[in-house]
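Asks: Here it is, the structure in full.
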Amino acid sequence: MPKTTRPLLGGHVSAAGGFDKALERGEAIGAETIQVFVSSPRSWGVFPPSAEALKRYQEKRKTSSVKTVYVHGTYLVNLGTANPEFLEKSRKSLEEEFRIANVIQAEAFIFHTGSKNGDPKAWLGQSVQVIKETLKKVPGKTFLALENAAGGGEKIGNTPEELALIMEKVKSPRLKICIDTAHAFESGLIPKYEPKTLQASLKKLDQLIGLKNIVALHINDSKTKAFSNHDRHENIGKGYIGLSGFKALAKEQSLWHTGWLLEVPGFENTGPDKKNVDIIRKIFS
């Protein structure tokens, strides 16, 4: 990650038409970093980019104002499933998407680990095994990043302790963490975005996983209250975290090495937009 006087700011954009188009969409909203899907987030089909499409992307990236790219995995992956067929599909999808993320030289491949919808003890062994195999099969510099969950149901990663446990078992410098600000609020990991609570929460995260191992933040306000366990993203300053909460977060320089990626609905319900990026940028000015 390039050194900056603040984090690189941006958001999730569509890669329809090619990854070069994603860079253009990022530029249009003033993004310095973007996140993309490399396949449909709600299907198992994974199709690598053609040589021509990859060349267009590589050429565009040389001149783009977008400095870093992240990839988000499909929502279907579940490493905690008790269904062998579903686990195999999850394993295959994770490997194939992670391979594409490495091909396009993404900073990290961020994914939701899934749910403990089977043997309550089996999820850990399964998750660790699949992650180890994926890292072994797919060489490269791109990190694999676990995302914290909002606390609902039996989601894996509802607590930092669970994330730390997976990291401890995998034992790989390529396994990192992505923290979603709304999920952290909704799960109670960061129940208030004010200096005292933030610093206490970050101290806990540092002790458990190491702040240096956080490679990205999903910057989202929350439609629901702290401890709600409901995953509902809101535009910056329009939710329960509030603008003051993000101002407090912006002062935590220990997180400036991460990419700040918006996953908000957008003020016209078209996803991350220039207005949200400008709001975050103004916080640092």
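What follows is calculated from the coordinates using simple rules that are stated; it is not laboratory data. Here the structure is a predicted model, which means the values were calculated and not measured. Here the Cβ is made from the backbone with ideal geometry for all residues, glycine too, and neighbour counts use every protein chain on show.
Asks: Would you mind computing, in nm to one decimal, how far apart the modelled labels at Ala82 and Gln253 are, each placed 7 Å from Cα along Cα→Cβ?
Replies: If labels sit at Ala82 and Gln253, their model points lie 5.1 nm apart.
Asks: Among Phe109, Ala250, Phe267, whose Cα sits farthest toward the positive end of the charge dipole of the stretch 8-284 (+1 at Cβ of Lys/Arg, -1 at Cβ of Asp/Glu, about the Cα centre)?
Replies: Of the listed residues, the answer is Ala250.
Asks: Let me ask another. Considering amide H positions built from the backbone, and no H for Pro or chain starts, which residues 5 or more places from Ile241, or on another chain, come under 5 Å of its amide H?
Replies: Result for Ile241 returns Ser222.
Asks: What is the sum of charges, Lys and Arg at +1 and Asp and Glu at -1, for the other residues whose Cβ falls under 15 Å from the Cβ of Leu54?
Replies: On the way: positive: Lys21, Lys55, Arg56, Lys60, Arg61, Lys62, Arg99; negative: Asp20, Glu52, Glu59.
Residues close to Leu54 contribute a combined charge of +4.
Asks: What nm distance separates the two modelled labels at Trp44 and Lys203, each placed 7 Å from Cα along Cα→Cβ?
Replies: My value for the distance between the label points is 4.8 nm.
Asks: Based on Cα positions only, what radius of gyration and what Dmax would you give for the stretch 37-116, in angstroms?
Replies: Looking at the stretch 37-116, its Cα Rg and Dmax stand at 14.1, 47 Å.
Asks: Could you tell me which of rounded, prolate or oblate describes the stretch 175-227, using a ≥ b ≥ c as the square roots of the eigenvalues of the alpha-carbon gyration tensor, with rounded for a/c under 1.5 and, failing that, prolate when a/b is larger than b/c and oblate otherwise? Working shown, then result.
Replies: Details: a/c = 2.20, a/b = 1.35, b/c = 1.63.
Taking the square roots of the gyration eigenvalues as a ≥ b ≥ c, the stretch 175-227 is oblate.
Asks: Something else: Over the chain, calculate the relative contact order: mean separation of alpha carbon pairs under 8 Å at least 6 apart, over the residue count, as a percent.
Replies: 19 percent
Asks: What's the Kirkwood radius of the stretch 22-62 in Å, using all Cα pairs?
Replies: Numbers: mean 1/r = 0.0849 Å⁻¹.
After inverting the mean inverse Cα-Cα distance, the result is 11.8 Å.
Asks: Calculate the dipole size of the stretch 129-285 relative to its Cα centre from +1 charges on Lys and Arg beta carbons and -1 charges on Asp and Glu beta carbons; express the result in debye to the nearest 20. Write down the numbers at each step before the final one.
Replies: Numbers: 24 positive and 18 negative charges, 101 e Å.
About 480 debye.
Asks: Give the dimensionless ratio obtained when the Cα radius of gyration of the stretch 8-284 is divided by 2.2 N^0.38 Å. Don't jump to the answer; show the numbers that get you there.
Replies: Numbers: Rg = 17.7 Å, N = 277, 2.2 N^0.38 = 18.6 Å.
Relative to the rule-of-thumb radius for its length, the stretch 8-284 sits at 0.95.
Asks: In nanometres, what is the gap between the two model label sites at Glu133 and Arg6, each 7 Å from Cα along Cα-to-Cβ?
Replies: The modelled label-to-label distance comes out at 4.4 nm.
Asks: What is the ratio of the Cα radius of gyration of the stretch 129-285 to 2.2 N^0.38 Å, with N the residue count, to two decimals?
Replies: Details: Rg = 15.5 Å, N = 157, 2.2 N^0.38 = 15.0 Å.
So the Cα radius of gyration is 1.03 times the expected 2.2 N^0.38 Å.
Asks: Less than 10 Å Cβ to Cβ from Ala15, Lys/Arg counted +1 and Asp/Glu -1: what total charge do the surrounding residues give? Write down the numbers at each step before the final one.
Replies: Details: positive: Lys21, Arg25; negative: Asp20.
Net local charge, Ala15 excluded: +1.
Asks: Only four residue types carry charge here, +1 at the Cβ of Lys and Arg and -1 at the Cβ of Asp and Glu. Report the dipole size of the chain about the Cα centre in Debye, rounded to the nearest 20. All intermediate terms of the calculation are to be shown ahead of the outcome.
Replies: Values: 41 positive and 31 negative charges, 138 e Å.
Taking the Cα centre of the chain as origin, the dipole is about 660 debye.
Asks: Strictly greater than 20 Å: what percent of every Cα pair in the stretch 1-138 meets that?
Replies: Numbers: 4624 of 9453 pairs.
Value for the stretch 1-138 (Cα pairs over 20 Å): 49 percent.
Asks: Here's another thing I want to ask about it. Just add up the charged neighbours of Glu162: K/R +1, D/E -1, any other residue whose Cβ is under 10 Å from the Cβ of Glu162. Kindly include the intermediate steps, with their values, before the conclusion.
Replies: Values: positive: Lys116, Lys155; negative: Glu161.
Around Glu162, the charge tally is +1.
Asks: I'd like the Karplus ³J(HN,Hα) series for the stretch 102-119: coefficients 6.51, -1.76, 1.60, θ = phi - 60°, whole numbers in Hz, and an x wherever there's a Gly or Pro.
Replies: Coupling constants for the stretch 102-119: 6, 4, 8, 6, 6, 5, 7, 9, 9, 8, 8, 5, x, 10, 8, 9, x, 4 Hz.
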